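Trainee: One structure, pasted below without further comment.
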Amino acid sequence: MTKINHIGIIVDGNGRWAKEKGKSRSEGHKAGAEALEKIILYINKESIANYLSLYVFSTENFSRSPEEVNYLMELFMKWFKKCKEKYKNANIKVLFSSQKEFIKSEIVKAIDELEEATKDNTGLVVNFCLSYGGRQEIVDATKKIATAVLENKLNINDINEELFKKYLYNDLPDVDFLIRTSGENRVSNFMLWQISYAEMYFPKVYFPDFTPKCLEEAIEEYEKRDRRFGNIK
Ligand code: IPE
Ligand code: IPE
Ligand code: MG
């Protein structure tokens with residue numbers, strides 16, 4: 001298997017998975033989080049990627065019921081506290097792409113602690129997009145750049161794609177392979193800058209049923225793709 005530099009996953013289908021099983025949406029999210037933990041550890045153990053970006057909660061998801069939002073936030077918080085030592089020892093470096101002003105301080109604390117605990121790790125980089133929107137990330141970068149120009153720290157002529165990228169929430173390479181589970185064929189505001197040339201794959205499976213074997217099938221599909229980047233071979 002060739003190592004993929006950056007895999008992005010839009011974790012989707014928890015609710016429909018639960019509904020089909022006569023369970024609550026919360027149970028679906030719990031099962032989704034368990035499946036995701038297995039995928040992270042598998043990608044790390046098998047050295048499948050250098051970077052893994054996970055869309056787990058969009059800014060648009062705040063419009064769901066308070067019960068669902070609160071359940072998800074509690075679930076994330078417990079998970080981040082629990083995995084801190086494990087990820088530190090597994091050499092996983094965790095980053096967040098988040099609009100922190102929308103999330104409760106206790107969750108921000110768990111996020112900050114997980115980033116801090118793993119900051120010197122040199123292995124797989126896991127970037128959680130939580131309270132995240134791709135357009136807003138670009139707007140926020142633009143504001144930071146405009147401020148730097150106004151403060152005479154940056155010359156307008158020095159603004160280019162390479163520079164712009166450095167002002168995004170995290171300085172990450174382009175996404176090479178984007179997987180969205182549950183059969184939805186859309187990107188829903190995920191890493192709009194970084195997915196410009198991503199290969200996309202939309203398996204039908206709901207995320208709680210997305211196993212390491214499903215990931216291997218996805219990668220087999222990726223390996224068949226012909227990435228041309230506008231060029232002719
Ligand atoms: C993905 O599952 C998890 C989040 C968006 C937080 P959904 O909750 O979107 O599940 P469906 O799309 O309703 O099945
Ligand atoms: C996108 O999924 C956000 C995450 C997976 C975190 P949604 O389920 O919220 O997206 P839509 O509403 O189907 O586009
Ligand atoms: Mg969904």
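Trainee: Using a 1.4 angstrom probe on the protein heavy atoms only, could you order TYR197, TYR206 from most to least accessible area?
Mentor: Working: TYR197 120, TYR206 45 Å².
Most to least solvent-accessible, the answer reads TYR197, TYR206.
Trainee: While we're on this one: Which lysines have a Cα less than 19 Å from the Cα of LYS78, not counting those fewer than 8 places away in the same chain?
Mentor: Correct list for LYS78: LYS30, LYS38, LYS86, LYS88, LYS93, LYS100, LYS104, LYS109.
Trainee: Something else: Kindly provide log₁₀ I(q)/I(0) values, in the same order as q = 0.12, 0.18, 0.19 Å⁻¹, from the Debye equation applied to equal alpha-carbon scatterers of segment 89-193.
Mentor: -0.52, -1.07, -1.14
Trainee: Helix-derived [θ] at 222 nm for the chain: sum -39500 (n - 2.57) over DSSP H runs of at least 4, divide by residue count, nearest 500?
Mentor: Working: 7 runs with 102 residues, N = 233.
Value at 222 nm, helices only, nearest 500: -14000 deg cm²/dmol.
Trainee: Expected output is a single nm value to one decimal: the length gained when fully extending between LYS100 and SER63, i.e. 0.36 nm times separation in residues minus the C-alpha distance. What is it?
Mentor: Working: separation 37, 0.36 × 37 = 13.32 nm, distance 1.63 nm.
Extending this stretch completely gives an extra 11.7 nm.
Trainee: Using Cα pairs under 8 angstrom and six or more residues apart, how large is the relative contact order of segment 88-207, in percent?
Mentor: Values: 151 pairs, mean separation 29.0, N = 120.
The value is 24 percent.
Trainee: I would also like to ask the following. Test of understanding: what is the full-extension gain from PHE164 to ASN91, defined as 0.36 nm times their sequence separation minus their Cα-Cα distance? Intermediate results must be reported in sequence, preceding the final value.
Mentor: On the way: separation 73, 0.36 × 73 = 26.28 nm, distance 2.88 nm.
Additional length available on full extension: 23.4 nm.
Trainee: Grab the beta carbon distance between VAL139 and LYS45, set R0 = 35 Å, and tell me the FRET efficiency rounded to 0.05. Intermediate results must be reported in sequence, preceding the final value.
Mentor: Details: r = 37 Å, r/R0 = 1.07.
In this case the efficiency is close to 0.40.
Trainee: Between SER53 and residues 5 or more places away or on another chain, which pairs have amide H atoms under 5 Å apart, with H built 1.01 Å from N, and which residues are they?
Mentor: It is ILE7, GLY8, ILE9, ASN127, by chain and number.
Trainee: Next up: Could you calculate the contour length gain from LYS38 to LYS224, that is, 0.36 nm times the residue separation minus the distance between their Cα atoms, to one decimal place in nm? If you can, show how the numbers build up before the last one.
Mentor: On the way: separation 186, 0.36 × 186 = 66.96 nm, distance 2.52 nm.
Taking LYS38 through LYS224 to full extension adds about 64.4 nm, to one decimal.
Trainee: Output the Kirkwood hydrodynamic radius of the chain, Cα pairs only, in Å rounded to one decimal. Before the final figure, lay out the partial values.
Mentor: On the way: mean 1/r = 0.0537 Å⁻¹.
Radius from the Kirkwood sum: 18.6 Å.
Trainee: Over segment 104-158, one equal point on each Cα, no solvent: what is log10 I(q)/I(0) by the Debye formula at q = 0.15, 0.16, 0.25 Å⁻¹?
Mentor: Rounded to two decimals, the profile gives -0.72, -0.78, -0.94.
Trainee: Can you send over the carbon and sulfur percentage of the accessible area for segment 80-203, probe radius 1.4 Å, protein chains only? Don't skip to the answer; put the middle values down first.
Mentor: On the way: 3140 of 6380 Å².
Looking at segment 80-203 in its full context, I get 49 percent from C and S.
Trainee: Go from 0 up to the bin containing the longest alpha carbon distance in segment 1-132, width 10 Å each, and give me the % of pairs per bin.
Mentor: Percent of Cα pairs in each bin: 12, 44, 34, 10, 0.
Trainee: Something else: Relative contact order for the chain using alpha-carbon pairs under 8 Å, separation at least 6, rounded to a whole percent? Walk me through the numbers before you get to the answer.
Mentor: On the way: 360 pairs, mean separation 65.7, N = 233.
Value for the chain: 28 percent.
The values are calculated or read from the model by the stated rules, or taken from the named source; none is laboratory data. The model shown is predicted, which means the values in this text are computed figures rather than measured ones. Note: ideal-geometry Cβ built from the backbone for every residue, glycine included; neighbour counts use all protein chains shown. All accessible areas refer to the heavy atoms of the entire protein, side chains included, with ligands and DNA or RNA removed. Shrake-Rupley method; radii C 1.70, N 1.55, O 1.52, S 1.80 Å.
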